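Comments concern the structure below.
What follows is calculated from the coordinates using simple rules that are stated; it is not laboratory data. Here the structure is a predicted model, which is why all the values come from computation and not from measurement. Don't worry about glycine lacking a Cβ; one is built from the backbone with ideal geometry, like all the others, and counts go over all protein chains shown.
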């Protein structure tokens, strides 16, 4: 009975985190982006500085008509948002906030997060193909090409960290972390950050949804709640990637008073990374499609391989 | 804001860092945004918000409607015959404006109608808060257009050494008692104002004209001193005069 | 029947059903999507069998990369929405194929089922043990495999370049003499 | 405790389905799907054998990982070939005779 209760509690808390954290990131994006552009951002919803703007947006999305294009493949079209959203929910379950604050402790959780987020691509592909829209198809193909290219440096960068920590478990990696990693794993961290932003299809890597070129890519035909799910998936992706970065490269819960406030440290570090991801969106223009592939294969993959080699040499020497 | 630079100055990385620095600096600065309905916007004094109509000046000559590039001005008028003022005199006709409407859902605010109006019946008003929930409600009739007249700013001050404005000149001139004592027929006042008004300031000596600035909604700076002497004759005229002639000046002069 | 048996039966049925749909559906893209379901549930089978690492790699490489590549190729070639009768061979051909497929299944079953034996303990494999073996016993196959991957990468690149060169040569045919074309 | 009959049966079924897929499809990419099914049948067999026996070298797991890698390489090259074919012929129907 207690087992059932515990499982329920863990699931509910993951679900709650899944629903709250993306909203926090979204609101942070609204405000940070606005102030970086000399604006105020939302100011009305909820009274104080528009804190409830995203809730209001959610209400608006719920009220909107759910349109399925006549020529679309109905089932795939309707199922795609779930495929995009659920992997991040599952991935969030294994990310530890502190040594004992983790919903599901998997022995190979680093690999698990990468594997589940890789499944999320399929949602975009399905959406793009099933919309029966050329812009959508173009967006889907762009995102497929982009995500395949950036999967490699992402996995290599994570492999380097796993090698350094001698563990595939996120908890073990954060435990093995030391401040020295900030320098030693810096190239890998940068590769991870860039690849993560590309995986999330966020600016400057947002060609799959480039509104000036292909309307809104794979999501062009989506309305209402299904569109909101895609947006939620994007922000949940930011949360997952930020927390992952915090755990892999910034030591997760390590910091002053880590015994009591460890989870807070992880969240804070994750939030900082999320703000950096938002910052990149505001500061940099969108890349061109060929520049994107160029960056992945000419810069990131060699850099990640070099980092992996460096880590390997270091581990062997220091062992 | 700096001097123009060559696009590729020092590779990609400095540019990327510069972008980050610029956005971070902007983040640290206070924003310039004012939230409009809470804080009224500071508009330049002669902002072109909406077109106001001074109905009394309109002769329904249709110039504005014809020049309008998107045909959003609708004018209906009819002719009225005014009886001869003197025995044996000729009857005169004048246009009476029935409808003047501007469809602001079509209007592109080019201002051509204001430019072409020979009688200063159309004016730019800085008023801009006239949005509607239904696009059909943006077709504003003459009473609505007239309501914006008080918001029209006074014309800019003249150069120091320029000739006196016609109205002032006329007002400062002592009224000719012979003409002023007898009630000037309203028909004449209405008619006389029409053809001569804008282009011949030197000949503007009729009392009906001198009294204009006060009689209308348009505030003109020198007009303050004007109204003292001439108003009596027109107002009496309007009381005694025929109602059907609808002379613009006297009636409006009385309304205000 | 043990708990693991029941769990395996669940995911196994999903895998078999989705595999069947993947090879029979006439919606081109649906076939690839059913393949995703099938591969995912095979990963679930691996988990039930206690091979966690393999399951995750299956998810990461197969679902995350291979199927995405397949979908990408389908979209690049021709993937209309709706059933497409042209993707399957004729009825007789399919009947033959079904017989052959059933034959393969029957053959394998007849070989495998007798050696299945009674229920056995599932010790479960630790990732460390797998890693030690990969970089210990299997290190030369592993290196050969990396070489294979590199060759495959270069080959794929070369193939795609070759066709583009051929296209260029075709389009520029009148202006060029034969030696020039060869040198290209 | 687990019976191996289940994994064996599933592997046999997947192999049969894969064989059917390869034979019954005309579209080259869909044929590849059949090939993937056969590979997965082999993998499943390897894993199920490796998971219960005294597998000193972890052959079941390691070989499966190798097969997955080989499958990735195979798909990579095969799809490049398919795309080249499509560019040359305008379709990927493998039953059509090349003219």
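Here are the numbers:
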read-out	value
Global geometry of the range A:34-115, whether rounded, prolate or oblate, following the gyration tensor of its Cα atoms and the 1.5 cut on a/c	oblate
Highest average packing first - B:136-142, A:313-319, Cβ atoms within 10 Å	B:136-142, A:313-319
Sites residue A:257 and residue B:131, calculated FRET efficiency, Cβ-Cβ separation with R0 51 Å, nearest 0.05	0.40
With Cα atoms, 0 to 90° folded angle of helix A:224-249 axis to chain A main axis	10
P(r) tail fraction, the range B:46-89 - alpha-carbon pairs more than 14 Å apart, %	67
Least to most buried among A:51, A:181 (fewest other Cβ within 10 Å first)	A:51, A:181
Cα convex hull volume per residue for the protein assembly as shown (Å³)	288
Additional length obtainable on full extension of the chain from residue B:109 to residue B:141, 0.36 nm per residue less Cα span	9.9 nm
Rg/Rh (Cα only; Kirkwood hydrodynamic radius) as it applies to the range C:1-90	1.06
Shielding by other protein chains, B:27-38, mean Cβ within 10 Å	4
Protection-proxy order for peptides D:45-52, A:82-89, each taking the mean of Cβ atoms within 10 Å per residue, highest first	D:45-52, A:82-89
Volume of the Cα convex hull of the range A:212-311, divided per residue and given in Å³	144
Exposure proxy order (Cβ contacts within 10 Å, fewest to most) of C:8, B:104	B:104, C:8
Average other protein chain Cβ within 10 Å of Cβ, residues A:150-163	1
Rounded, prolate or oblate (a/c below 1.5 giving rounded, otherwise prolate when a/b exceeds b/c) for the range B:31-159 by Cα gyration tensor	prolate
Kirkwood Rh, Cα atoms: Rg over Rh of the range A:52-179	1.09
The range A:52-131-the range B:53-111 distance, computed between alpha-carbon centres (Å)	65
Acute angle (nearest 10 degrees) that the helix A:258-283 long axis makes with the longest principal axis of chain A, alpha-carbon atoms	50
Degrees, to the nearest 10: A:53-63 long Cα axis against longest axis of chain A	50
Cα shape, the range A:55-99, gyration tensor, a/c 1.5 rule	oblate
Separation of alpha-carbon centers, the range A:263-289 and the range A:209-257, rounded to whole Å	10
Footprinting exposure proxy for A:183, A:121 (fewest neighbouring C-beta atoms within 10 Å first)	A:183, A:121
Rule-of-thumb Rg ratio for chain C [Cα; 2.2 N^0.38 Å; N residues]	1.42
Where Rh is the Kirkwood radius over Cα pairs, Rg/Rh for the range D:5-89	1.09
Residue-averaged beta-carbon neighbours from other chains (10 angstrom radius) around A:105-116	4
Mean ellipticity per residue at 222 nm, deg cm²/dmol - from DSSP H runs of n ≥ 4 across chain A, formula -39500 (n - 2.57)	-24000 deg cm²/dmol
Binned Cα-Cα distance frequencies in chain A - 10 Å width, integer %	6, 25, 34, 24, 9, 1, 0
